[in-house]
Amino acid sequence: YDSQRRTLAEQSARLNTLTELQENHEGFYQGVRAVLNAHKRGQITGHFRAVVDLLTVPEPYRVAIEVALGGSLQDVVTETEAEAKAAIGFLKQNRAGRATFLPMPLLRPGNSLNARDVAGSAGVAGVGDTLVTFAPQYAEVARMLLGRVLVVDDMDTAIAASRRLNGWSKIVTLEGELLTPGGALTGGSLQGKGAHLVGRKGEMDDLRAA
């Protein structure tokens, strides 16, 4: 019973640490951090959420989604164009860096990969936006960023899928290798930073569910 209580205490302490890092936006770009902190302090008003905070990513896909999204994890979703314009004004005025905003009324996701084409292929996990969960109002954000991303088990599957399928923007393996339509293949080791922002959010989700 004691050991059970200790692990609960450890889990709770870990969750507190991660929550603090997340709320201080550690690991975020300077401009993104400036906007989110200004919003927290009430210097800019409206709705400002980083993409990484909107997605729940199951364990096997965290590295793949981190690699597929890259800097877009830190795009800031707003409900109106006016909010995005105000935040850019704030950044300019305070020389606080740059950030990319996704005002929901402006989003035009384009065509997603056809799930039917993808389904049933050996080694193919699926299309990115079907492997993560998010509140329904963010469906367009997920579709825009992940609707043409294919997640597969390994590099051989990635290469085979790239020859067989059309309309994808990235094919990414569970270990984080990345193939682009031009034929560039990126891989290697993720220096201790593997699934950093997605991993942190995922660990928080896991601890809360425990």
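Figures for the structure shown
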item: Scope segment 122-136; condition within 17 Å of residue 69 (Cα to Cα), open to solvent by 20 Å² or more (accessible area, probe 1.4 Å) and part of a loop (DSSP other than H, G, I, E, B); matching residues; result: 134
item: Residues of segment 39-71 classified as among the small types (Gly, Ala, Ser) and surrounded by 16 or more Cβ atoms within 10 Å (Cβ to Cβ), total; result: 3
item: Candidates 158, 139 - the one that is within 30 Å of residue 86 (Cα to Cα), modelled with pLDDT of 95 or more and either among the hydrophobic types (A, V, I, L, M, F, W, C) or open to solvent by 20 Å² or more (accessible area, probe 1.4 Å) (or both); result: 139
item: Flag if residue 77 is in contact with a strand residue (DSSP E or B) (Cβ under 6 Å, 6 or more places away or on another chain) and at pLDDT 95 or above; result: yes
item: Pairs, first touching a residue at least 40 places away in the same chain (Cβ under 8 Å) in segment 121-147, second acidic (Asp, Glu) and in a helix (DSSP H, G or I), C-beta under 6 Å, six or more apart; result: 142/129; 146/129
item: Residue 31 modelled with pLDDT of 95 or more and either in contact with a Gly (Cβ under 9 Å, 6 or more places away or on another chain) or not hydrophobic (A, V, I, L, M, F, W, C) (or both); result: yes
item: Count of residues meeting criterion [outside any helix (DSSP H, G or I), without any contact (Cβ under 8 Å) to a residue 60 or more places away in the chain and not charged (D, E, K, R)] in segment 148-163; result: 2
item: Residue satisfying condition, being more than 21 Å from residue 62 (Cα to Cα) and either open to solvent by less than 60 Å² (accessible area, probe 1.4 Å) or under 20 Å from the mean Cα position of the chain (by Cα) (or both), within set 148, 108; result: 108
item: Per-region count, segment 58-94, residues of a type in the set (Val, Ile, Thr), closer than 18 Å to residue 34 by Cβ and part of a helix (DSSP H, G or I); result: 1
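The values are calculated or read from the model by the stated rules, or taken from the named source; none is laboratory data. These numbers come from a predicted model, not from an experiment. All Cβ positions, glycine included, derive from the backbone under ideal geometry; neighbour counts span all protein chains shown. Quick note on the areas: whole protein, heavy atoms, side chains included, nothing else; ligands and nucleic acids left out. Shrake-Rupley method; radii C 1.70, N 1.55, O 1.52, S 1.80 Å.
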